[in-house]
Amino acid sequence: MTAARRALPALVLAGLFALQFVLGDYDHTNMARILVLACFAVGYNIAFGMTGLLSLGHAMFFAAGLYGAGFSAELGGVAPPAALAAGTACGLVLALAVGLVALRTSGVAFMIVTLMFAQACFLTILHFNELTRGDEGFVIAETARRFALAGVVLDAADPTVRYNAALALFALAYGAYLALARSRVGRVLVGIRENEDRVRMLGYDPYRYRLFALTLSGALAGLAGAAYALLFAYVGATFATTQYSIYPLLWVLLGGAGTALGPLVGTGVMFVLVDRLSGITSSYLMLVGLALILLVVLFPKGILGTVGQRRARNRS
């Protein structure tokens, strides 16, 4: 590994930290939102980009983290750091439970099973409307979002705290992905994606490794959901819909599946496209769709995946 590649993660995080000082109020908030959603996409990238698990149910893990943190902070009076941990644990436990069943299948069957689990989760949230507030959702009070860190009282409603908290969480997810990708376990996961039979022949159990990947992916999705609830003060059933299972798939495909920074790039590009085009026309989804088709044609392996492929081709 070259010195430039070793320094890239630090340079990326330093650039994101410096970015907050030049953004306006509106873009400052949007960038914090992108960083949180990019954590969600990093988790999905572990399951799909690294391991080859095409899930259509990741919204349930995000929603588990969202409600786990929201209930802990708003109803349980738990401090935000503990609520964040509770939300992450909810995503992890749900992913483990779903994985024990869903990973008995593969391919299209796995997609359908995860979709069914996610839909059941969404309907459960709607069924307990008196507690969850359904599609309407509920707002977390500002007092429930304050916490003390090293003797300093911080407020998640403060834009600076919110941005740096989102950046810290993205750094955690990004670092976890890099560590996994460079480890023996990561190489086994990639091997399962490329040739499961050969990995099994070498003595590894694909089921156990896939379960680990899906559980870690669900934990990061839960972390993102918990962070979203605490930093943006809203919890609602909308985040458990199929739409929020499709989003991370699009973000990862757009940025480059199996690349470390692809989730961040894909999330940012799609978020900006939707945000800017929605301010121009009410038919913005059609324009977003056309833009995504153009990007897929120009970058068939995602933006970073295609750029990396072309650079490798030019060097050879």
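Odds and ends about this structure:
- Candidate set: the stretch 86-110, residues that are in contact with a Gly (Cβ under 6 Å, 6 or more places away or on another chain) and not hydrophobic (A, V, I, L, M, F, W, C); chosen: the one nearest to Ile192 (Cα to Cα): Gly91
- Any hit, the stretch 66-75, residues being under 13 Å from the mean Cα position of the chain (by Cα), closer than 26 Å to Tyr244 by Cβ, surrounded by 22 or more Cβ atoms within 10 Å (Cβ to Cβ) and of a type outside the set (Ser, Thr, Tyr): yes
- A Cβ distance below 8 Å, combined with a sequence gap of six or more or placement on separate chains, defines the contacts here; from the stretch 70-83, residues that are of a type in the set (S, T, N, Q) reach residues that are surrounded by 14 or more Cβ atoms within 10 Å (Cβ to Cβ) in the pairs Ser72/Val78; Ser72/Ala82; Ser72/Ala83; Ser72/Ala86; Ser72/Gly87.
- Checked against (1) over 30 Å from Ala144 (Cβ atoms); (2) in contact with a helix residue (DSSP H, G or I) (Cβ under 9 Å, 6 or more places away or on another chain); (3) β-branched (Val, Ile, Thr), Thr215 meets all criteria but (1).
- All positions within the stretch 1-23 that are modelled with pLDDT under 90 and not in a helix (DSSP H, G or I): Met1, Thr2
- No other residue among Thr259, Thr242 is touching a helix residue (DSSP H, G or I) at 6+ places or on another chain (Cβ under 6 Å) and at pLDDT below 95 apart from Thr259.
- Residues that are under 22 Å from Ser245 (Cβ atoms) and charged (D, E, K, R), drawn from the stretch 167-220: Arg193, Arg210
- Phe122 being crowded, with 20+ Cβ neighbours inside 10 Å, of a type in the set (Phe, Trp, Tyr), in contact with a helix residue (DSSP H, G or I) (Cβ under 9 Å, 6 or more places away or on another chain) and within 23 Å of Ala233 (Cα to Cα): yes
- Any hit, the stretch 1-9, residues being under 16 Å from the mean Cα position of the chain (by Cα) and surrounded by fewer than 17 Cβ atoms within 10 Å (Cβ to Cβ): no
- All positions within the stretch 14-35 that are of a type in the set (A, V, I, L, M), under 22 Å from Trp251 (Cα atoms) and more than 16 Å from the chain's Cα centre (by Cα): Leu16, Leu19
- Only helices (runs of 4 or more DSSP H) whose full extent lies in the stretch 199-316 are considered here, and the ones with at least 2 residues that are closer than 30 Å to Val188 by Cβ and of a type in the set (S, T, N, Q) are 206-232, 303-315.
- Candidate set: the stretch 159-185, residues that are surrounded by 17 or more Cβ atoms within 10 Å (Cβ to Cβ) and of a type in the set (Gly, Ala, Ser); chosen: the one farthest from Tyr44 (Cα to Cα): Ala165
- Yes/no for Leu273 being free of Cβ contacts under 8 Å to residues at least 60 places away in the same chain, farther than 23 Å from Gln119 by Cα and either buried (at least 24 other Cβ atoms within 10 Å of the Cβ) or within 12 Å of the chain's Cα centre (by Cα) (or both): no
- Of everything listed in (1) surrounded by 21 or more Cβ atoms within 10 Å (Cβ to Cβ); (2) aliphatic (A, V, I, L, M); (3) out of contact with any strand residue (DSSP E or B) (no Cβ under 9 Å at 6 or more places or on another chain), the single unmet condition for Leu211 is (1).
- Residue satisfying all of: in the stretch 98-119; out of contact with any Asp or Glu (no Cβ under 9 Å at 6 or more places or on another chain) and not hydrophobic (A, V, I, L, M, F, W, C); nearest to Tyr234 (Cα to Cα) among these: Gln119
The values are calculated or read from the model by the stated rules, or taken from the named source; none is laboratory data. Since the structure is predicted, the reported quantities are computational estimates derived from the model, not experimental observations. All Cβ positions, glycine included, derive from the backbone under ideal geometry; neighbour counts span all protein chains shown.
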